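The values are calculated or read from the model by the stated rules, or taken from the named source; none is laboratory data. Quick caveat: nothing in here was measured; it's all calculated off a predicted structure. Reconstructed Cβ throughout: ideal geometry from the backbone, glycine too, with neighbour counts over all protein chains shown.
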């Protein structure tokens, strides 16, 4: 077995958006950096773009929009010439009909029909007048807010597909956070405005564009951004080691010792600082000596998903970026249309390419199904939904994404706090960043923010910025103007942190009394 040793100012575990943002900024600052990435081919993590026979697949769908000026400026700096403007369109599929998302009042009324719409409003009134007092579950809370009929149409099926839990097993506090500020009256009013074209606000005589109408996107997928970031890091004299998995992380008299297992054998990196975007559960098991909080880390859970990309004989199937499938007859949760993200994602004008997303747990029946069985399932379900004739499917490919979503169960916060507290006290030069590195359900831009603040702390020689204060914007539809906010404030106290907005929640299983 070959052995090699390297010296770096900073070793970075993981070449996703957080890891590569840190590597890019540190390279610009003249620091020696080595990045390790266990994937042998792709950088970008869940934001990578997978290529198959000229077709490109966005894993999960990534709109490039941020209210952070620093993030937008960094995107433009890394990828100055390859953004395109794309129309935003998403719809909900329910009982063979499409509903614009966000809802349009007249369209929803027409699709549901007068009788069902009347029942929905009656159900809403009933639960508003006589709400359930003990709202323990997501189901209880949502029915109290919208009525049982609307809950069944627009909340139940999709939520259970995504999180793998029944709605009456998910705690009510997740609903209160995730659907914060949304009321039926507000939704109807917004839908009426959208239906009548009144949802734009004047700005010096011009219509203001929001993410609801369009977004920017790299012309060959989000992986373009992270390929470019990697290339900048390498051009700056630093390394990105592909196919290298973290084997052990320890400290000695020379600082950090990062041992990896790679295609050429073991590699040891000696570094002053380590930035980790690896899942907390995996990191804890590789620190030597093992931390006392290891049992807490091992109890952290994740939701996984896989994408089945189908090539279909058709110029195009639908104009949406993606469609949310609120239908219990099929297992698919969401369907992407890759050409609607960018025409360059699909090389053949006579073929459409769609990605069917299945939410699962690593090791369950869906995850362990053969690729051929999954392609057959996706083909069959496209036919069931009436979105294409199964005979027009030319082929397909499967992409699995482990640990896509950190899960917030009842004990997760205590587990994260235990590990974070121990590592911060024992290892001030070990920095956790990103979605899985911090076990926080962050968007791409928020993962980048954690890396940007970490780099500032390293360059300043101490903790001046509270990385854990980076929060998600609570606005579900991401309305607003791009690049209008500064990153965050240094040394935030609890009150200031709360004022920044709420972290995007993921569901917690209901506590059993």
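Restricting attention to region 381-397, does a residue exist that is within 22 Å of the chain's Cα centre (by Cα) and crowded, with 18+ Cβ neighbours inside 10 Å? Checked region 381-397: at least one residue is within 22 Å of the chain's Cα centre (by Cα) and crowded, with 18+ Cβ neighbours inside 10 Å. When we screen 15, 23 for residues that are assigned to a helix (DSSP H, G or I) and over 14 Å from residue 221 (Cα atoms), the only hit is 23. Screening residue 12 on (1) at pLDDT below 95; (2) more than 25 Å from residue 396 (Cα to Cα); (3) buried (at least 17 other Cβ atoms within 10 Å of the Cβ); (4) touching a helix residue (DSSP H, G or I) at 6+ places or on another chain (Cβ under 6 Å) shows it passes everything except condition (1). Checking the structure you have, find out if any residue of region 475-483 is outside any helix (DSSP H, G or I) and at pLDDT 90 or above. Looking for residues that are outside any helix (DSSP H, G or I) and at pLDDT 90 or above, one finds none in region 475-483, hence no.
Farther than 29 Å from residue 248 by Cβ and surrounded by 24 or more Cβ atoms within 10 Å (Cβ to Cβ) - does that describe any residue in region 364-373? For region 364-373, residues farther than 29 Å from residue 248 by Cβ and surrounded by 24 or more Cβ atoms within 10 Å (Cβ to Cβ): absent. Check whether at least one residue in region 400-413 is out of contact with any strand residue (DSSP E or B) (no Cβ under 9 Å at 6 or more places or on another chain), surrounded by fewer than 19 Cβ atoms within 10 Å (Cβ to Cβ) and outside any strand (DSSP E or B), and report yes or no. Yes, that holds for at least one residue. Check whether at least one residue in region 329-343 is in contact with a helix residue (DSSP H, G or I) (Cβ under 7 Å, 6 or more places away or on another chain), part of a helix (DSSP H, G or I), touching a residue at least 24 places away in the same chain (Cβ under 8 Å) and in the same structural domain as residue 249 (by TED's automatic domain parsing), and report yes or no. Within region 329-343 (the criterion being in contact with a helix residue (DSSP H, G or I) (Cβ under 7 Å, 6 or more places away or on another chain), part of a helix (DSSP H, G or I), touching a residue at least 24 places away in the same chain (Cβ under 8 Å) and in the same structural domain as residue 249 (by TED's automatic domain parsing)), the answer is no, since none of the residues qualifies. Taking each residue of region 262-283 that is under 20 Å from residue 299 (Cβ atoms) and looking for partners that are modelled with pLDDT of 95 or more and assigned to a strand (DSSP E or B) with beta-carbon atoms closer than 6 Å, six or more apart or interchain, yields 276/13; 276/432; 278/13; 283/276. For region 203-219, the set of residues classified as at pLDDT 95 or above and surrounded by fewer than 19 Cβ atoms within 10 Å (Cβ to Cβ) consists of 219 only. Of all residues in region 422-451, those satisfying the criterion of being out of contact with any helix residue (DSSP H, G or I) (no Cβ under 6 Å at 6 or more places or on another chain), part of a helix (DSSP H, G or I) and crowded, with 23+ Cβ neighbours inside 10 Å are 446, 449.
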